[in-house]
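Everything on this sheet refers to the single structure shown next.
Read-outs throughout are calculated quantities, based only on the coordinates presented, and are distinct from any laboratory measurement. Predicted model only: the values in this text are computed from it and were never measured. Every residue, glycine among them, receives a Cβ derived from its backbone with ideal geometry; neighbour counts consider all protein chains shown.
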Amino acid sequence: MTDCAECGFDYDPELVPEVSALTRVHAAEYAALLDGDIRVLRQRRAPEVWSPLEYACHVRDVLLAQRERVLLARRVDRPEPEPMGRDERVEHDGYADQQPSDVARQLEDAAMLFANVLDRLTPSAWDRELIFTYPQRQERTLRWLALHTLHELRHHLVDIRRQLDG
């Protein structure tokens, strides 16, 4: 996967050194978007499309899961982390019922935690590999994981803005 037709993200390796800082910037953007009408933030435009609040909860959890994956890849050769259960989390963690201000704070904290582990990677650590099972089972480097996480952040900002802009 080199780019996303829907959000325009390009998996450009030149972005890797910026992922940490961009993660923090995007987390602040999410926090600002979550400072709105709670009814709008909880509303789904269609049954199969998450609400802005649900997308923000998902991104928070992606940041936490990706942080754990980086840490795992630092201590285990080519681990195969468990899938995060993205769809199940919406119900199991009650995404729609969470408080937007809490999610905003948690998302910024998750961004700091994820960025911290990226900031601590040595040049050789970026080449550590782990096995991702989605969309297909494939070995990926921590460089790819960082870019993929940045893609998640940007892609779901588009999803949320699309809903909030009507």
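With the Cα gyration tensor of the range 32-79 in hand, give its eigenvalues times 5 under a square root as the equivalent ellipsoid semi-axes, listed largest first in whole angstrom. Please list the in-between numbers first.
On the way: eigenvalues 209, 30, 4 Å².
In descending order, the three semi-axes are 32, 12, 4 Å.
Would you order Arg74, Arg120, Arg128 from fewest to most other beta-carbon atoms within 10 Å of each residue's own beta-carbon?
On the way: Arg74 16, Arg120 12, Arg128 22.
Lowest count first: Arg120, Arg74, Arg128.
Screening the chain for whole DSSP H helices of 18 Å or more along their axis (Cα) with average Kyte-Doolittle hydropathy at least 0.0 returns 19-33, 100-119.
Once the convex hull of the C-alpha atoms of the range 57-117 is built, how many Å³ does it hold per residue, rounded to a whole number?
Working: hull volume 4.2 nm³, N = 61.
Normalising the Cα hull of the range 57-117 by residue number yields 69 Å³.
Provide, for q = 0.20 Å⁻¹, the log10 of I(q)/I(0) from a solvent-free Debye sum over equal Cα point scatterers in the range 23-154. At q = 0.20 Å⁻¹ the computed log10 ratios are -1.14.
Computed extension length for Glu91-Cys4: 28.6 nm, one decimal, from 0.36 nm per residue of separation with the Cα-Cα distance subtracted. Counted by neighbouring Cβ atoms within 10 Å, the residues Phe9, Phe132, Phe114 run from fewest to most as Phe132, Phe9, Phe114.
For the range 24-65, run through the GluC sites (Glu not before Pro) and keep only the ones in DSSP coil with at most 12 other Cβ atoms within 10 Å of their Cβ. Don't jump to the answer; show the numbers that get you there.
Details: sites: Glu29, Glu48, Glu54; in loops: Glu48.
Answer in residue order: Glu48.
Once you've got the GNM for the chain with C-alpha springs shorter than 10 Å, pick whichever of Gln98, Gln136, Gln66 has the biggest mean-square fluctuation. In the Gaussian network model the winner is Gln136. From the alpha carbon centroid of the range 24-40 to that of the range 84-138 is 17 Å.
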